[in-house]
Amino acid sequence: MARKLSMRQAINEAMHQEMERDESVIVMGEDIMGGLGVDWLEGDAWGGTQGTTKGLGPRFGRDRVIDTPISESAFIGAAIGASTTGMRAIVELMYVDFLGVCFDQIFNQAAKFRYMFGGKAECPVVVRTQIGGGFSAAAQHSQCLYPIFTHIPGLKCVIPSNAYDAKGLLIEAIRDNSPVIFFEHKKLYDAETEVPEESYTLPFGEAGILREGGDVTIVALARMAHMAMEAAETLAAEGIECEVIDPRTTSPMDEDTILESVENTGRLVVVDESYPRCSMGADISSMVAEKAFDSLKAPIRKVAPPHTPVPFSPPLEAAYLPDAARIADAVRAVARHGS
Amino acid sequence: MQVSRDKLLEAYRSMKTIREFEERVAKEFATGDLPGFVHLYAGEEASAVGVCSHLVKSDQIISTHRGHGHCIAKGCEVGPMMLELFGRKGGLCGGKGGSMHVADLSQGMMGANAIVGGGPPLACGAAMTAKIKKTGGVAVTFTGDGGSNQGTTLESMNLASVMQLPVIFVFENNGFAESTAANWSVAGGDIVRRAEAFAMPGVQVDGTDFFAVHEAAGEAIDRARKGGGPSLIEVTLTRFYGHHQGDNQSYRTPDEVRNARESRCPLVNFRRRVTEASLLDAAELDAIDREILDQMDVATAAARAAPWPDAAEVLTDVYVTY
Ligand SMILES: Cc1ncc(C[n+]2csc(CCOP(=O)(O)OP(=O)(O)O)c2C)c(N)n1
Ligand SMILES: [Mg+2]
C-alpha cells in the first residue's frame, strides 16, 4: 500500500536512514534536539524548530546529533571542517536569512576547497535551511536567497517541491561528496505525497515534469511549482495546455529538459519566489534566450515578487508573493502573443 | 542611588505597561488574528525600564526579537505598536515590520531585530556617531544569553573596547535560548565574566529588582557619557512565557513557570519595595493599573478596527524599484 508522508516526515526519514547506514553522518544545529543543559529532560525538547530532526537524538545519541550555541559562523564552519576530515555533516541553518552571519564558511571555504586545493579535498557537507514567505514572518525570516548560493561555483543547490523529491534528493545530498545547500520551503512541510519506505536517491540536475502540455512551458521551484500547477488547471479549462517543469536543483541545472520543452511549446513563463534581479527567473530566461531563441514564439515572461524586502502585514505579503492568478495572467499573455 | 517620586511612578507605569501589553498580545495571538511570530517580554520588565529610565530621546537603543518591552521603555507609543503587531495602517512601521521589527527612530529606538547578534554592531555605530559628534549620547544594545555567543556580539565588545565607545552591552540572561539552557551554551557560566576579557567594567544584577538594574545602568551610562567607554551588564531574569507563542516549553517544568510568576516578578517586587518604604502608596499604583488596562482595551480595539495598509505600500520605502 502506498504510504503518505509530509515533507517534514520525509526529510526526517531520510536522515534516519542515512545515519543508520553510515556512521560518519552527523547532524548539527540549534535546538535540533533542544533542552541541552536541562538535566532532568529525556529525549527531544524540540527536535528542531520544525520537528525535522525529531527522534534522531534519542536514536543516535548526542555524539552524532549535536546541538550548538547560537554561533552560526563557528558551527557551520565546524560542520564544514568535520566534513573535510572524514565526517558527513548535515548542518541546519535555521532560516536562510541567517546566512549573513556565516556565509564566509560556506562560500569562501566549503565551496572553494576542492578547486583551490587542486582537487585534493572533498567536503561532503549538507546545509539544510528554511526558505520562503507566506507566514507573515517579515523581512528577516521570509527570503528565498537560493540565487545567491547558485551563483557560487562549488556549491550544489537543491530545492525540493514535495515530500517524495525531498527524501530522494536529501539522501543523494548526504552521499554526494560536494557541499550541498538544501532549501526547504516552510509552506511545504505539511504537504503530503506518497513516499516509499525504503531508501532511494534522486539524481541532481534532473528536472521533474509535473504536467505535460504543448502550449506554454512553465518553470517553477518549490512552493511556486504548486502555484504553477494550480494555474495550469485553470488554464486547461480555457484550452491552454501548460507543461510544468520543476528543476528541483538549480546547481546543477537541467537545461535540456527546459530547452526541449520550449522547443516544443515556443513559449516560456518562469516563476520564482526570490527577488527578481539576478534570480533563477533571470538565469533560466537568459539560458533559454541564448540556446532556444529560434524556437521562441513570444517574449519570455517572468513572474516574481517586486524588488523589495518581504513585508509583514498579511495583505501586503499576499500582494507581494506570486500566486496562481498572476501566473495564469502571464501564461495567457504569452499564449496570445503572435497567435 | 536616590530615585525621585516622579521617576518611581514613571518606572512603575512603564513596567506595568509592558506587562499588560504582553498579556494582551498573548490573548490576541491566541485568537489567531495576530499574524507572524511573537516573543513576549513578560517577567523581564525591570531590565528594559531600569536601563532606559536613564536615557534621553537622543540616546539610542537596539533590541532583539523580544523587543516590545524595550520599545515601550524607550518611549514608543502603545497604540501604534499594537497597530504594527496587527499589521494595520498607522502601525509604527506601516505594517511592514511586525512584532520582530518594531522601531521608532524618533524615540531613539533603532528596532527590534530578528537576527540574533544583529544589534551589537549597530549599537557600536550609534555610539560612534555620539562620540564623533560629541553629543554626550550613549547607545545600549540588549542581547540575550543565546545572543551572547554570536560572533557579531563578541566582535562588537572588542571593537567598543578598543575604540572606547559609549555603548552599554546589556545581556538579558533569562536562562534559555529557545529550548537551550544558558548553563550549557554560555562557556564560563556567567556572561559578566566576559567583560574582563574585553577590558570593560561588568556587573551582574538581579533582573527582578528594578533598583539593582537602575543603579548598575546609571553607573555604566554615566561612565559612557563621560568618555569612560563601554560596560557590560548581565541581568538575570525569567521569561514568563515560552520562547515564542506556541512553544510547548517541554524543557521547563510547569512549576518552574508558575513559581517564577510568584517569586520572580519584577512588578510584585517593585510594588512591595515602594509601599513598604512608604515611597508610593498602593492606591496610586492601583490607579495606574486601571489606567493601563483601559489603555490596552483602547489600543486593541483600535488595532482591530483599523484598515489594512494599501497594497501600493509594498512598493514604497525601497531605494530602487523595478
Ligand atoms: C542569527 C540567528 N540565529 C538564530 C536565530 C533563531 N533564534 C531566534 S531567537 C533565538 C534564541 C535567542 O535566545 P536569547 O538570545 O537567549 O534571547 P531570548 O529569546 O531568551 O530573549 C534563536 C536561536 C536567529 N533569529 N538569528
Ligand atoms: Mg535567553
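The values are calculated or read from the model by the stated rules, or taken from the named source; none is laboratory data. Worth saying up front: this structure is predicted, and the values here are computed from it rather than measured. For neighbour counting, all protein chains shown are included, and Cβ atoms are generated from backbone atoms with ideal geometry for every residue, glycine included. Heavy atoms of the whole protein, side chains included, go into the accessibility calculation; ligands, DNA and RNA do not. Shrake-Rupley method; radii C 1.70, N 1.55, O 1.52, S 1.80 Å.
Considering only residues of segment A:166-178 that are open to solvent by less than 10 Å² (accessible area, probe 1.4 Å) and not aliphatic (A, V, I, L, M), which is farthest from A:GLY132 (Cα to Cα)? This residue is A:GLY168.
Step by step: first the residues of segment B:81-103, then only those that are within 12 Å of another protein chain (Cβ to nearest Cβ) and in a helix (DSSP H, G or I), then the one that is nearest to B:ASP145 (Cα to Cα). Which residue is that? Selected residue: B:MET100. Residues that are crowded, with 19+ Cβ neighbours inside 10 Å and under 29 Å from B:SER263 (Cα atoms) within segment B:198-208 comprise B:GLY202, B:GLN204, B:VAL205, B:GLY207, B:THR208, listed in sequence order. Can you find a residue that is more than 12 Å from chain A (Cβ to nearest Cβ) and within 16 Å of ligand 2 (Cβ to nearest atom) anywhere in segment B:139-150? Yes: segment B:139-150 contains one or more residues that are more than 12 Å from chain A (Cβ to nearest Cβ) and within 16 Å of ligand 2 (Cβ to nearest atom).
B:ARG264 satisfies every condition listed in (1) open to solvent by 40 Å² or more (accessible area, probe 1.4 Å); (2) within 30 Å of B:GLY188 (Cβ to Cβ); (3) of a type outside the set (Gly, Ala, Ser); (4) away from ligand 2 (no atom under 16 Å from the Cβ) except (4). Tallying residues that are within 13 Å of chain B (Cβ to nearest Cβ) and in a loop (DSSP other than H, G, I, E, B) within segment A:18-53 yields 23.
Check whether at least one residue in segment A:2-14 is within 13 Å of another protein chain (Cβ to nearest Cβ), part of a loop (DSSP other than H, G, I, E, B) and within 29 Å of A:HIS226 (Cα to Cα), and report yes or no. Within segment A:2-14, none of the residues are within 13 Å of another protein chain (Cβ to nearest Cβ), part of a loop (DSSP other than H, G, I, E, B) and within 29 Å of A:HIS226 (Cα to Cα).
Selection of segment A:88-102 for residues being away from ligand 2 (no atom under 16 Å from the Cβ) and aliphatic (A, V, I, L, M) yields A:ALA89, A:ILE90, A:VAL91, A:LEU93, A:VAL96, A:LEU99, A:VAL101. When we screen B:ARG88, B:ARG13 for residues that are within 17 Å of B:ASP289 (Cα to Cα) and open to solvent by 20 Å² or more (accessible area, probe 1.4 Å), the only hit is B:ARG13. When A:TYR200 is tested against (1) over 26 Å from A:THR84 (Cβ atoms); (2) touching a residue at least 40 places away in the same chain (Cβ under 8 Å); (3) open to solvent by 10 Å² or more (accessible area, probe 1.4 Å), just one condition goes unmet, and that condition is (2).
Taking the stated definitions as given, is B:ALA287 free of Cβ contacts under 8 Å to residues at least 24 places away in the same chain and either more than 30 Å from B:GLN60 (Cα to Cα) or assigned to a strand (DSSP E or B) (or both)? Yes, satisfied. Annotation: B:ASN259 fulfils all but one of (1) within 16 Å of ligand 1 (Cβ to nearest atom); (2) farther than 28 Å from B:SER156 by Cβ; the unmet one is (1).
Does A:ILE327 satisfy being aliphatic (A, V, I, L, M) and assigned to a loop (DSSP other than H, G, I, E, B)? Here the answer is no, as A:ILE327 does not meet what is asked.
Each row is one residue, and each column tells you yes or no for (1) open to solvent by less than 10 Å² (accessible area, probe 1.4 Å); (2) within 28 Å of B:LEU8 (Cβ to Cβ).
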site	(1), (2)
B:LEU40	yes, yes
B:GLY50	yes, yes
B:ILE61	yes, yes
B:GLU77	no, yes
B:MET81	yes, yes
B:GLU84	yes, no
B:LYS96	no, no
B:LEU122	no, no
B:ALA126	no, no
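Taking the criterion of being small (Gly, Ala, Ser), within 13 Å of ligand 2 (Cβ to nearest atom) and open to solvent by 10 Å² or more (accessible area, probe 1.4 Å), the residues of segment B:153-184 that qualify are B:GLY175, B:ALA177.
The strands (runs of 3 or more DSSP E) found wholly in segment A:186-239 and carrying at least 2 residues that are modelled with pLDDT of 95 or more and touching a Lys or Arg at 6+ places or on another chain (Cβ under 7 Å) occupy A:192-194, A:216-220.
Within segment B:104-117, the set of residues being among the small types (Gly, Ala, Ser) and open to solvent by 20 Å² or more (accessible area, probe 1.4 Å) comprises just one member, B:SER106.
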